[in-house]
Ligand code: AMP
Ligand code: ZN
């Protein structure tokens, strides 16, 4: 279940070296090569899934507990004050590497500032009601 043309498949399976902070049978966690902040890391599954919606539920269900465990450890060791978890699906959502990954981005009250933000869509109450009905 690897894609020979996928750089994260190669990294996750140890074919290309990366700074690994955690590894188990299903996942490797590496430091991001162009970090947004000190400690910015990526949870990569060892098998290839282009995005969250391609992942089997049992594997997807392991990601958040892993982020909690490793993220808490990172916060303690790095002395960060908070952490963003970011997960992009699809080019339009900002995904540049099409192998599922969850960003762990430690945040610091002082220094190492970055933007993890979005602007607000201008939607009327009627539009919000329509969307809500559609999604229920
Ligand atoms: P995304 O925009 O969500 O697809 O994020 C892709 C992330 O992968 C970016 O933060 C990149 O800096 C990071 N990245 C790309 N190539 C590598 C690599 N070879 N090793 C580590 N991180 C990488
Ligand atoms: Zn891959």
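One table, with the values for the structure above:
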| read-out | value |
| --- | --- |
| Any pair with Cβ under 6 angstrom, 6 or more apart, that starts in the stretch 1-22 at a residue that is more than 17 Å from residue 54 (Cβ to Cβ) and within 13 Å of ligand 2 (Cβ to nearest atom) and ends at one that is part of a loop (DSSP other than H, G, I, E, B) and at pLDDT 95 or above | 10/16; 11/18; 13/46 |
| Criterion: buried (at least 16 other Cβ atoms within 10 Å of the Cβ), over 16 Å from residue 73 (Cα atoms), within 11 Å of ligand 1 (Cβ to nearest atom) and over 14 Å from the mean Cα position of the chain (by Cα) - qualifying residue of 7, 11, 16 | 11 |
| All positions within the stretch 56-89 that are surrounded by 12 or more Cβ atoms within 10 Å (Cβ to Cβ), in a loop (DSSP other than H, G, I, E, B) and touching a strand residue (DSSP E or B) at 6+ places or on another chain (Cβ under 7 Å) | 80, 87 |
| Test: residue in the stretch 76-89 that is at pLDDT 95 or above, more than 14 Å from ligand 1 (Cβ to nearest atom) and closer than 18 Å to residue 12 by Cβ | no |
| Test: residue in the stretch 28-50 that is within 16 Å of ligand 2 (Cβ to nearest atom), more than 14 Å from residue 8 (Cβ to Cβ) and surrounded by 11 or more Cβ atoms within 10 Å (Cβ to Cβ) | no |
| Matching residues, the stretch 19-49, being within 13 Å of ligand 1 (Cβ to nearest atom), over 16 Å from residue 88 (Cα atoms) and part of a strand (DSSP E or B) | 20, 21, 28, 29, 30, 31 |
| Residue in the stretch 100-108 that is more than 17 Å from residue 75 (Cβ to Cβ) and touching a helix residue (DSSP H, G or I) at 6+ places or on another chain (Cβ under 9 Å) present | yes |
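The values are calculated or read from the model by the stated rules, or taken from the named source; none is laboratory data. The shown structure was predicted, so the numbers you read here are calculated from the model rather than taken from an experiment. Cβ sites come from the backbone with ideal geometry, for glycine too, and all protein chains shown count toward neighbours.
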